[in-house]
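Comments concern the structure below.
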Amino acid sequence: LKMKITFDYYLNIFLKIVAWTWLLAIAYLSLMPQVNIPISFNHVDKIFHLGAYAVATLFVLISYSNNNINIILLFLYSLSMEIGQLFVKNRFFEISDLIANLAGILIMAYIFNRFLRSYLTINNIKK
């Protein structure tokens, strides 16, 4: 059985690496004892949560199929990061962070499915 390796094959691998790298960066920042945010105003961290999970959702939806499962898995991932913070000094489980994460996931899932899917999905590599 001979496999035809194409540009789409390598692009698919690259996009999956980008998605997993982003998720690992979220884990690293979520589980650090303290993260210094250079901008300061009320609830700025919620904007970062929303943005981080919106970008993660975009990368995952471009890289993988079966969107509903991936959306649920991203939310469970964000929940696990919040639970993990219970065991990290100076970090806390916050429902408002979880809500911001979910908002980022759902907003990007809507934007992706409504507007971006046909432009950003590589149909040849979707399985």
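The values are calculated or read from the model by the stated rules, or taken from the named source; none is laboratory data. Since the structure is predicted, the reported quantities are computational estimates derived from the model, not experimental observations. Counting neighbours? That spans all protein chains shown, and the Cβs are built from the backbone with ideal geometry, glycine included. Areas reflect the complete protein model, heavy atoms only, side chains present, ligands, DNA and RNA absent. Shrake-Rupley method; radii C 1.70, N 1.55, O 1.52, S 1.80 Å.
Odds and ends about this structure:
- Each peptide in 87-99, 16-28, 104-116 was scored by the mean count of other Cβ atoms within 10 Å over its residues; highest first, the order is 104-116, 16-28, 87-99.
- Listed by chain and number, the aspartates and glutamates whose C-alpha is less than 17 Å from the C-alpha of residue 46, apart from same-chain residues fewer than 8 away, are 82, 94, 97.
- A 1.4 Å probe, protein heavy atoms only, puts the accessible area of residue 80 near 50 Å².
- Spin-label pair residue 67/residue 106, simplified geometry with 7 Å Cα→Cβ offset, distance in nm: 1.6
- Calculated from the structure at hand, percent of Cα pairs over 27 Å apart is found among [x] 25; [y] 45; [z] 34 as [x].
- Fully extending the segment from residue 118 to residue 27, taken as 0.36 nm per residue of separation minus the present Cα-Cα distance, adds 29.8 nm.
- Using the 1.4 Å probe convention, the accessible area of the chain works out to 68 Å² per residue with neighbouring protein chains retained.
- Contact order relative to length of the chain, as percent, for alpha carbon pairs under 8 angstrom and 6 or more apart: 35
- Using θ = phi - 60° in the Karplus curve 6.51 cos²θ - 1.76 cosθ + 1.60, the 3J(HN,Hα) couplings for the range 5-13 round to 9, 10, 4, 4, 4, 5, 5, 4, 4 Hz; x is entered for Gly and Pro.
- Label-point separation in nm, residue 18 to residue 6, each point 7 Å along Cα→Cβ: 1.9
- Within the accessible area of the chain (1.4 Å probe), percent carbon and sulfur: 70
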